[in-house]
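Structure first, commentary second.
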């Protein structure tokens, strides 16, 4: 080896030696603020220096909920010495007021165990005065808290009337305000339980529109529900939650063309969780003096009654059809009062209800069909049908009634079979005249009976009758086992119903697409995909996002291209759902095709 070669190798070794030398391992924890309100978030930062091994582990924490997690690495070369720093950021949501202790996190690296120091954070009520947060430079690259984003993104809760009567409709609205330039993704809504109320909606109604507030322009996502208080007193509707990600596009691409060829799906995600303030409502009892036939109906109603046919024979039924229409809780509308006396025998009415919305007011039509059987012939009078309800706008009870009706009842035709042969029992038992008696023989007088054909035990039907009960018992046992598992294993029940549920939601989305309702269409597609993925993968629907689903599917044998469908579906849905100008029909059709393609691929995967 020549002297030149030896000198070259020695020089290269001296140059590379500092690159192999890392600083001593360090592990520390910090938060962006030590005093926050219930509307804020806590940014927990775990910093690892001097090691590329291991990931920190957080213990169980009381009083906070982990909303999101992110990580990044930083490398530096100073005076020939290389240092590496890894930063793990956690978004924590306080769940109660008072002092919350964040325990020590642990790290296993370089064959040793390291622990961070515990941190105490004070949580105060919303609206309390807080110390000024540290500057962004002092916190590195931590995302802004929900408090500092309030002017760009905030929520409200309201009711149309703070004071109502029992069973009077109350419109409950939860609104998410955002600046038009703020992009959101993975948006979820958790409504509070409405204790002391009944609801007329299966799910909240969603509405999107723009508004101007305090001189600023905002896009609004409103979730509305019609509720009816069932008892008087002071009632409180707890906080609702809006959560999701604030999306910031990353301009990664060709540096010579200003990122023209950047990845259109590259976003920086900043999770957020916003809670509305509780809403207090005073429910007044109905005033005294209710009519005897009042059944609890509150609202504005009209009624119509029809009798058909108007001519029958004794023992033949007459149908009284009572139609009640109006605005209010139709469940509280009972069969109007109909006193028919001793001339008729009455039966329980058949009831059908059709609920509809008139603007934001809940109402519809309720139809009662009651059968009456005349017990004697002659001209019979059917008295008026009466109904009472409470008008909350006027604060008084009102009564409506129909016109009386008359029918002609003839005697039963001679030679006809008896149509009425029994009476009610108990205290209400009546004497009923039997119009006609007759005997219907089951079989004429038997002749000599003789056995024909094969022996009883040689017939196929005989053995089939023996086997069929065993098959039915086996099927009943399998059905019972499946039903018990569906009732006890919630994850299994969600997986079983996932395919049927997503097909139903896609059908609803196609209907909304034909009707041109772009906002409701995008929301329905988003619900279909997130709930299907949550049900199939055993995840809460509100926690489903593209990153988490990709991690779950990484360990499974999914068809090629599934991850591309997943990513494009989530990003396209978020982009169209919150686009200020609204999506075109072609874009909505493309979104539905992406969603159906993703579900079709995942249906082939055995989880």
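The values are calculated or read from the model by the stated rules, or taken from the named source; none is laboratory data. Model, not experiment: these values are computed from the prediction. Don't worry about glycine lacking a Cβ; one is built from the backbone with ideal geometry, like all the others, and counts go over all protein chains shown.
A few notes on this one:
- Test: residue in the stretch 312-323 that is closer than 23 Å to residue 201 by Cα, modelled with pLDDT of 90 or more, within 30 Å of the chain's Cα centre (by Cα) and not in a loop (DSSP other than H, G, I, E, B): no
- Any hit, the stretch 300-309, residues being modelled with pLDDT of 85 or more, loosely packed, with under 13 Cβ neighbours inside 10 Å and not in a strand (DSSP E or B): yes
- Filtered by the rule that a residue be touching a strand residue (DSSP E or B) at 6+ places or on another chain (Cβ under 7 Å) and assigned to a loop (DSSP other than H, G, I, E, B), the stretch 377-408 gives 377, 384, 385, 392, 402, 404.
- Index of the failed condition, residue 176 passing every other in (1) in a strand (DSSP E or B); (2) under 24 Å from residue 392 (Cβ atoms): (2)
- Selection count where residues are within 12 Å of residue 91 (Cα to Cα) and at pLDDT below 80, scope the stretch 24-64: 2
- Which listed residue is modelled with pLDDT of 75 or more, more than 23 Å from the chain's Cα centre (by Cα), under 29 Å from residue 218 (Cβ atoms) and in a helix (DSSP H, G or I), from 563, 586: 586
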